[in-house]
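One structure is given below, encoded as structure tokens.
Taken together, the values in this text are just the output of simple stated rules run on the coordinates, not laboratory data. Predicted model only: the values in this text are computed from it and were never measured. Please note: Cβ atoms are built from the backbone with ideal geometry, for glycine as well, and neighbour counts cover all protein chains shown.
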Amino acid sequence: MTGLVGKTRNIFLVWLVWPLITLGIYQLVWYFKVNREARDFDERIDVRPGLAVLAITLGWLVIVPPFVSIYNTGERIARMQRTAGMQPTCNPWIGVILIFVFGLYPLYYQQEMNRIWAQYEHVEEGERVPLAV
């Protein structure tokens with residue numbers, strides 16, 4: 001089984017700089033990309049990136065969907081870590097808690113994603129790699 005390698009991103013740019021420059025739009029784009037990378041890395045991960053973004057935008061009207069979506073994204077990242085042959089270090093509860101701490105969950109989740117891509121040294125973004133599990 002193989003999967004596509006995603007993009008290694010600077011965690012501070014993802015969390016603070018790009019969202020400030022784009023008035024918050026980049027965070028939605030990043031969230032879409034992270035969920036798409038999860039699906040592309042392991043086809044067994046069932047996620048619709050557009051619905052994940054919808055949950056964190058319009059979901060605030062119902063209160064619960066953003067928290068569920070962010071928790072599920074953390075679960076997906078942990079599953080990706082297992083699939084890459086790593087010990088999972090991503091805890092979705094930390095992601096949910098970090099929503100309330102200056103919105104730090106993108107920083108945390110991108111750091112965990114970067115660990116996955118670091119497993120595959122000298123591989124370009126979008127290349128196919130063998131999965132461990």
Beta carbons within 10 angstrom, averaged per residue: use that to sort the peptides 11-19, 92-100, highest first. 11-19, 92-100
Ranked highest first by average number of other Cβ atoms within 10 Å, how do 120-128, 47-55, 34-42 line up? 34-42, 47-55, 120-128
Over the chain, what is the relative contact order in percent, taking alpha-carbon pairs closer than 8 angstrom and at least six residues apart? 35 percent
